[in-house]
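Everything on this sheet refers to the single structure shown next.
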Amino acid sequence: MSKPKRTPKYIKLARFGLASLKSVIGAFVSNTDRLIEYAAKMAAEHCTYAVFGECSISGYPAQDLVGWEGFIVPQLEQLKRFAEATNDYDTVFVLGLNVLYESQVYNVAAVVHRGSVIGLVPKEKLPNYDVFDEYRTLALGIPGFLDAVERMKFGDMVFRTSAGTFAVVICEDLWSLEGPAARRAYSGAETIISINGSPFRSGAWNTRRELVSTVAANNFVTVVYVNKFGGKDALSFDGGAFVNQCGRMLCESKIKDGFTVCDVDLSRTSRIRRLNTTRRGDEAEFKRQGEKCAVVTLDGPMIINHESFRYPAPASKNFFIPEDPQARKEYFDELIQAKITGLDGYMTGTGAFEGVLIALSGGKDSILTLLDAYVYATKVRGLSGEALKKFILCVSMPTKHNSQTTRDISRDICAELGVGFVEIPIGEEVERMQAIGKSLLPPGGELDRLTKQNTHPRIRANIMWMLSNQFKMLWLQTGNMSEAAVGYTTIGGDNQGGLSLIGNLPKTVIIEMLNHMKDTMFLHSDALERLMKTKASAELEDNQEDEKDLMPFPVLDACLYLFAGERMMPVDVLFVIAQMFEEYSDDQLKGWVIKFVKLFRIAIYKWVQRPLAVHLGSLDLDYLRALRFPVVTSLEWLELEKL
């Protein structure tokens, strides 16, 4: 039975067609024939926008040929032919040519939709260095200028549509960080489409990637970059395309004489802009100065949220961890460094502690905390032998529900590392505490499941605070962000501590970071090998598994990222994870989204009471710095009934 097709409510998915084609200088008719051919192909792919390279009608660089009126005028005729040929498509097309305006020649980007040329935007930054000599033959576009060429709007403008506002720039315009891209972004453009004629040179690909990422991040826009392909005299244009949204690369393709497509959630740019106070202030200052570009409204239908569009989720199904192997390694190494730097700053800054204390359960969270503390003690403090054993003390506090496997892992990892270890069974204390609670109930009454479970971590917390006081040691809390987000913690118990190194790490990141450390830093650890084969469990009752209590951690972390990080409504969270996790039924995913949102809302009062946790990413649950939710909120605004 197939899943029902879900439609997003606040998401605006668009598809960009990115065409890097050969063109011949002066071959206006045949160049346009190819543009029309590929326009049809991209329209058949339901592209919202289809983008071609710089001077795609004229060929580039034309150099002194632009001095002949007979070289310029036919280009506009071919643009009109292109517009007429694409009259039946809802796709918005962006392509390049030269046009004549008041005796001067301009390099322009044309915006075409439904048979009309909506606007001609001239290039402002004309390169005149290295292999470029545009300044000697072409006229500059002027900021704020708007007129018409044969009733087609010509000048500095942005284009407003039902799918948001976009702008176009040409090649060098993008390289000027104070140029038209920034001005048009402040004028409302959430997408900047850049058509380019950038010739090959060694290292250029990486430079372009950095440029696109910088412009997208600095201006809070989606940058769509398409380059020409083909040889022109001594120049070789190597093609390629990028799509980067607010600093996140969504597409990087080395296309040559062809096209590719990329789906983008255009609404994400607006959500990110709303959260950044610096950008908001800069935009207000820009508007006070009165430099806003002209706004042209595109009234025709737009292709948004077509059923074939996919939300740009990573193939790995994890929004937190980079997919590229080298970037992944750097990500984990940077996190490790940030954690030990944070621990060092806290220890040396307070001067109140002589070591660190860890409640070691034999699970992944507490052992990652131990490994971080070990790296700090050995690499930063240079400790070994008895000094190391005295500096790090791990405390195992088992009950009858703790498996022999996790107890052995706790003991063995400490022996392998040479750190302090003590086991303090708390079974009798748990029974005594539960008996007290039961004595307060009517005859025959029983403590409920959660009450029984929570006696364990609260007894452990009392022991840890006592040891922290006695030995002047900093108790490192070992809870993760995923479980804290849904309240899978105990107030007065495992959410206690002096400082957390991993409190702002999702569970899926913790698991993969342990694998990374096992494979790079602790190559011969038998205990770590055994640890990675265990299932996550709080071990507060027999046969307990965290994912059975909650949901699969990849799904939970996706909900956390989309709802708390991306500020998506539950209906759109479900839309995205239904595309990501096709192995689960729609009813399962719907139930998990509802469960996550309800638990998150209730759990706020818990996670605002957690200890300080080292800040590690753009999303964390630190109430004072990152995510300020009111503790008391209604369910009404979440519109769960619309799922």
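Here are some notes:
- On the stretch given as region 10-27, residues that are more than 22 Å from F166 (Cβ to Cβ) and either surrounded by fewer than 23 Cβ atoms within 10 Å (Cβ to Cβ) or modelled with pLDDT of 95 or more (or both) total 5.
- Meets criteria (in contact with a helix residue (DSSP H, G or I) (Cβ under 8 Å, 6 or more places away or on another chain), among the aromatic types (F, W, Y) and not in a loop (DSSP other than H, G, I, E, B)) for F286: yes
- Test for L146: is it at negative phi and in contact with a helix residue (DSSP H, G or I) (Cβ under 6 Å, 6 or more places away or on another chain): no
- Among the residues of region 576-604, none is identified as out of contact with any helix residue (DSSP H, G or I) (no Cβ under 9 Å at 6 or more places or on another chain) and under 22 Å from C246 (Cα atoms).
- Identification of helices (runs of 4 or more DSSP H) wholly contained in region 490-560 with 3 or more residues that are among the aliphatic types (A, V, I, L, M) and either surrounded by fewer than 22 Cβ atoms within 10 Å (Cβ to Cβ) or in contact (Cβ under 8 Å) with a residue 40 or more places away in the chain (or both) yields 507-520, 526-531, 553-560.
- Of note, I426 does not satisfy the criterion of being among the β-branched types (V, I, T), exposed (fewer than 13 other Cβ atoms within 10 Å of the Cβ) and over 36 Å from the mean Cα position of the chain (by Cα).
- The criterion of being in the same structural domain as T48 (by TED's automatic domain parsing), of a type outside the set (V, I, T) and more than 32 Å from the chain's Cα centre (by Cα) holds for D147.
- Residue check, Y49 modelled with pLDDT of 95 or more and of a type in the set (F, W, Y): yes
- Pairs, first more than 15 Å from G96 (Cβ to Cβ) in region 123-148, second of a type in the set (K, R) and outside any loop (DSSP other than H, G, I, E, B), C-beta under 9 Å, six or more apart: N128/R136; P143/R183; G144/R183; L146/K153; D147/K153
- For region 29-70, taking the residues that are surrounded by 19 or more Cβ atoms within 10 Å (Cβ to Cβ) and over 39 Å from the mean Cα position of the chain (by Cα), the one that is nearest to K12 (Cα to Cα) is identified as A62.
- When we screen V295, V261 for residues that are surrounded by 16 or more Cβ atoms within 10 Å (Cβ to Cβ) and touching a strand residue (DSSP E or B) at 6+ places or on another chain (Cβ under 7 Å), the only hit is V261.
- Under the condition of being at pLDDT 90 or above and either in contact with a Phe, Trp or Tyr (Cβ under 8 Å, 6 or more places away or on another chain) or hydrophobic (A, V, I, L, M, F, W, C) (or both), the residues counted in region 602-638 number 6.
- If you filter region 86-133 down to residues that are crowded, with 24+ Cβ neighbours inside 10 Å and among the small types (G, A, S), you find that the one that is nearest to E150 (Cα to Cα) is G119.
- Qualifying residue in region 171-178 (condition: surrounded by fewer than 24 Cβ atoms within 10 Å (Cβ to Cβ) and at positive phi): no
- Note on region 273-319: residues that are under 20 Å from the mean Cα position of the chain (by Cα), more than 30 Å from T86 (Cα to Cα) and among the charged types (D, E, K, R) total 4.
- Residues that are more than 19 Å from D494 (Cα to Cα) and among the small types (G, A, S) were ranked within region 430-471; the one that is surrounded by the most Cβ atoms within 10 Å (Cβ to Cβ) is G437.
- Taking the criterion of being out of contact with any Asp or Glu (no Cβ under 6 Å at 6 or more places or on another chain) and hydroxyl-bearing (S, T, Y), the residues of region 144-199 that qualify are T161, S162, S176, S187, T191, S194, S198.
- Residue match in region 328-340 (condition: crowded, with 17+ Cβ neighbours inside 10 Å, of a type in the set (K, R) and at pLDDT 95 or above): yes
- Residue-level check: of (1) surrounded by fewer than 17 Cβ atoms within 10 Å (Cβ to Cβ); (2) over 12 Å from H456 (Cα atoms); (3) of a type outside the set (F, W, Y); (4) touching a helix residue (DSSP H, G or I) at 6+ places or on another chain (Cβ under 6 Å), G420 misses just (1).
- Number of residues in region 566-589 that are surrounded by fewer than 21 Cβ atoms within 10 Å (Cβ to Cβ) and under 18 Å from A603 (Cα atoms): the value is 1.
- Filter result for L476 (surrounded by 21 or more Cβ atoms within 10 Å (Cβ to Cβ) and within 33 Å of the chain's Cα centre (by Cα)): yes
The values are calculated or read from the model by the stated rules, or taken from the named source; none is laboratory data. Since the structure is predicted, the reported quantities are computational estimates derived from the model, not experimental observations. Cβ coordinates were reconstructed from backbone atoms using ideal geometry, including for glycine residues, and neighbour counts include every protein chain displayed.
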